[in-house]
1. Report every pair of residues separated by at least 6 positions or lying on different chains whose Cβ atoms are under 8 Å apart, first residue within the stretch 119-146 and modelled with pLDDT under 85, second surrounded by 13 or more Cβ atoms within 10 Å (Cβ to Cβ) and part of a helix (DSSP H, G or I).
2. When you scan the stretch 46-66, how many residues do you find that are among the aliphatic types (A, V, I, L, M) and over 18 Å from residue 116 (Cα atoms)?
3. Could you please find all residues in the stretch 35-67 being crowded, with 24+ Cβ neighbours inside 10 Å, in contact with a Gly (Cβ under 6 Å, 6 or more places away or on another chain) and not in a helix (DSSP H, G or I)?
4. Select, from 66, 116, the only residue that is in contact (Cβ under 8 Å) with a residue 24 or more places away in the chain and more than 15 Å from the chain's Cα centre (by Cα).
5. Which of (1) in contact with a Leu (Cβ under 7 Å, 6 or more places away or on another chain); (2) more than 15 Å from residue 192 (Cβ to Cβ); (3) crowded, with 19+ Cβ neighbours inside 10 Å; (4) of a type in the set (Gly, Ala, Ser) is the odd one out, the single condition residue 118 does not satisfy?
6. Looking only at the stretch 86-100, which residues are touching a residue at least 40 places away in the same chain (Cβ under 8 Å) and either of a type outside the set (Val, Ile, Thr) or surrounded by fewer than 17 Cβ atoms within 10 Å (Cβ to Cβ) (or both)?
7. Tally time: how many residues in the stretch 68-102 are of a type in the set (D, E, K, R) and either touching a Leu at 6+ places or on another chain (Cβ under 6 Å) or in a loop (DSSP other than H, G, I, E, B) (or both)?
8. From the set of residues in the stretch 148-202 that are of a type in the set (S, T, N, Q) and in a loop (DSSP other than H, G, I, E, B), which is modelled with the highest pLDDT?
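The values are calculated or read from the model by the stated rules, or taken from the named source; none is laboratory data. Treat the numbers as computed from the prediction; the structure is a model and nothing was measured. Positions of Cβ are backbone-derived with ideal geometry, glycine not excepted, and every protein chain shown enters the neighbour counts.
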Amino acid sequence: MEEYESWTASERIAAAARAAEASGDFYYHPGHTWVSVHGKALATAGATDLAANFVGQLASIELPPQGARLQQGQPAWTLVSHKGRRLSQAMPIAGKVVAVNRDLQHDPALAQRSPQGAGWLLRIRPTRLGKSIRNLLTPTAAKSWLDSTRAQITGRVDPTLGLVAQDGGELSTGFGDHLSDSDWNTLRDELFAAAAAPPDRS
């Protein structure tokens, strides 16, 4: 831990990037955020593909400052669309922010094109990692949950708007732009209400 604390920001980011490439341990918060754990001292967090595209065309992402300490379920960042729609999302695990993805300042759409890769949002030094993970969905459980969420969305929108691709029914990039303000607000309240607090499975 002392060695990690002495690293420069660029060294931390490089180490985290290497760890992220090697790790497949993804967990999901019901507020549509994810975390990938790289041992006990480091984790990466971001928005799910569905959340990033629900907002619409991303104009910016408001991130917490490096050094911020956030609790699981606490608002961690806000996705902002070119229409001014805002979606605040929950911190998937408790911890200290050790780095933020500066590339998103110039290219926020990275979070849509590569949400669990180059579009990561935060690097975190976790606290109470075991308890936090118990409150999250595993990849197996998350698949059914995400499929159900997609069904909720596609069941509420006009298929002629091009929200769903022809090959496999995936939601299109920035599909939220096609939703009226009323429909968008309703779906936000239905799908992202869990961002306020994760289920307690401890």
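1. 146/50
2. Going through the stretch 46-66 one residue at a time, the tally reaches 1.
3. 55, 56
4. Values: 116 fails: more than 15 Å from the chain's Cα centre (by Cα).
When all the criteria are applied, what remains is 66.
5. In the conditions (1) in contact with a Leu (Cβ under 7 Å, 6 or more places away or on another chain); (2) more than 15 Å from residue 192 (Cβ to Cβ); (3) crowded, with 19+ Cβ neighbours inside 10 Å; (4) of a type in the set (Gly, Ala, Ser), residue 118 misses (3) alone.
6. The answer is 87, 88, 89, 90, 91, 92, 95, 99.
7. Let us first name the residues in the stretch 68-102 that are of a type in the set (D, E, K, R), namely 69, 83, 85-86, 96, 102.
Okay, now just the ones that are also either touching a Leu at 6+ places or on another chain (Cβ under 6 Å) or in a loop (DSSP other than H, G, I, E, B) (or both), so 83, 85, 102.
Within the stretch 68-102, residues that are of a type in the set (D, E, K, R) and either touching a Leu at 6+ places or on another chain (Cβ under 6 Å) or in a loop (DSSP other than H, G, I, E, B) (or both) number 3.
8. Selected residue: 180.
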